[in-house]
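One structure coming up, written as structure tokens, with questions to follow.
The values are calculated or read from the model by the stated rules, or taken from the named source; none is laboratory data. Please read these numbers as outputs of a predicted model, since none were measured by experiment. Note: ideal-geometry Cβ built from the backbone for every residue, glycine included; neighbour counts use all protein chains shown. Ligands, DNA and RNA are stripped out before the accessible areas are found, and what is left, the full protein with its side chains, is counted by its heavy atoms. Shrake-Rupley method; radii C 1.70, N 1.55, O 1.52, S 1.80 Å.
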Amino acid sequence: MPTPFYDDLNATLDAAWRLLQQGVPDIRVPAHVPTLATVGLDGKPKLRSIILRALDIKQRVLTLHTDSRSSKLEEIRQNPAVSLHVYDAAQKIQLQLSGQASLHLDDAQADAGWRASRMLSRRTYLVHPGPGKPLDEPGNGLPQALAFRAPSSTESEQGRAHFALLQVQIETLDWLYLAHYSQRRAQFHWTPEGKLQSRWLVP
Ligand SMILES: Cc1cc2nc3c(=O)[nH]c(=O)nc-3n(C[C@H](O)[C@H](O)[C@H](O)COP(=O)(O)O)c2cc1C
């Protein structure tokens, strides 16, 4: 099979969005679990894996789910500038995305995200006292009754208060294709008015 090669900025951007879009339903591809970077409250970078739940290409919005008690919430409140990273080894493509995060805790979007969540996913919102909080003993913070099963729909509802939907509107998408004998790097930036600026960069 010939090495895929990219010489068209628009086609490259389409391919980048497709790579990300594939990550929403397909748990086997790296775009399913991007790395999300925030600026910590101490000003230092913070990274963590997070599942990509939805992508609206037209609006350039990625949707993620998280626990409202996790430290990223406070970090985003303080500084909504975030970045995401994906490296797809099979496609030899790295994506570096940056944009502005917005939090949805108690609105229609959060409600819809919660309704669409599977019971096993909802279980993570039932941990006590909350992600990243200290434990006196080894454990996962879940009630004993839920150690080996998903909660019922009724049981899961206690987790709704901890569920947050996180959206990131992409401002810059940096795309890098790195194979042995062919390399390309492209940068796509959207102005505050939504105008796309595309250019090639040295990889
Ligand atoms: C494969 C994988 C998927 C994860 N998915 C999520 C997720 O969708 N949402 C989330 O908040 N944390 C997710 N996590 C946990 C985060 O990486 C992180 O530990 C947690 O959100 C606490 O982050 P914080 O303390 O920086 O806010 C995932 C971790 C792994 C390893």
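Taking segment 9-52 on its own, how many of its residues are buried (at least 17 other Cβ atoms within 10 Å of the Cβ), among the β-branched types (Val, Ile, Thr) and closer than 23 Å to HIS189 by Cβ?
Number of matching residues: 3.
Which of the residues that make up segment 58-75 are out of contact with any Gly (no Cβ under 9 Å at 6 or more places or on another chain) and within 9 Å of the ligand (Cβ to nearest atom)?
Step one: list which residues in segment 58-75 are out of contact with any Gly (no Cβ under 9 Å at 6 or more places or on another chain), which gives 58-59, 64, 66, 72-74.
The answer is LEU64, THR66, LYS72, LEU73, GLU74.
Which of the residues spanning segment 136-187 are of a type in the set (Phe, Trp, Tyr) and surrounded by 18 or more Cβ atoms within 10 Å (Cβ to Cβ)? Give the steps one after another, and end with the answer.
From segment 136-187, those of a type in the set (Phe, Trp, Tyr) are 148, 163, 175, 177, 181; that's our starting set.
Listed by number, the residues that qualify are PHE163, TRP175, TYR177.
Moving on to the next point. If I filter segment 125-141 for residues that are of a type in the set (D, E, K, R) and either on the phi > 0 side of the Ramachandran plot or away from the ligand (no atom under 15 Å from the Cβ) (or both), do I get at least one hit? Walk me through it before giving the result.
Here is the first cut: in segment 125-141, the ones of a type in the set (D, E, K, R) are 133, 136-137.
So of that shortlist, the ones also either on the phi > 0 side of the Ramachandran plot or away from the ligand (no atom under 15 Å from the Cβ) (or both) come out as 136-137.
The answer is yes; a qualifying residue exists.
Whether any residue in segment 79-86 is within 22 Å of LEU19 (Cα to Cα) and open to solvent by 60 Å² or more (accessible area, probe 1.4 Å) is what I want to check.
Filtering segment 79-86 for residues within 22 Å of LEU19 (Cα to Cα) gives 82-86.
From the residues that got through so far, the ones that are open to solvent by 60 Å² or more (accessible area, probe 1.4 Å) too are 85.
Yes, segment 79-86 contains a residue that is within 22 Å of LEU19 (Cα to Cα) and open to solvent by 60 Å² or more (accessible area, probe 1.4 Å).
Still on this structure, I have one more. Looking only at segment 126-135, count how many residues are touching a helix residue (DSSP H, G or I) at 6+ places or on another chain (Cβ under 9 Å) and loosely packed, with under 14 Cβ neighbours inside 10 Å. Give the steps one after another, and end with the answer.
Going residue by residue through segment 126-135, those that are touching a helix residue (DSSP H, G or I) at 6+ places or on another chain (Cβ under 9 Å) are 126-127, 130-132.
Subsequent filtering for residues that are loosely packed, with under 14 Cβ neighbours inside 10 Å retains 132.
Residues flagged as touching a helix residue (DSSP H, G or I) at 6+ places or on another chain (Cβ under 9 Å) and loosely packed, with under 14 Cβ neighbours inside 10 Å within segment 126-135 amount to 1.
Mind checking which pairs have a first residue in segment 55-79 that is under 25 Å from LEU196 (Cβ atoms) and a second that is assigned to a helix (DSSP H, G or I) and open to solvent by 20 Å² or more (accessible area, probe 1.4 Å), Cβ under 6 Å, 6 or more apart or different chains?
Note: pairs meeting the criteria are LEU55/GLN21.
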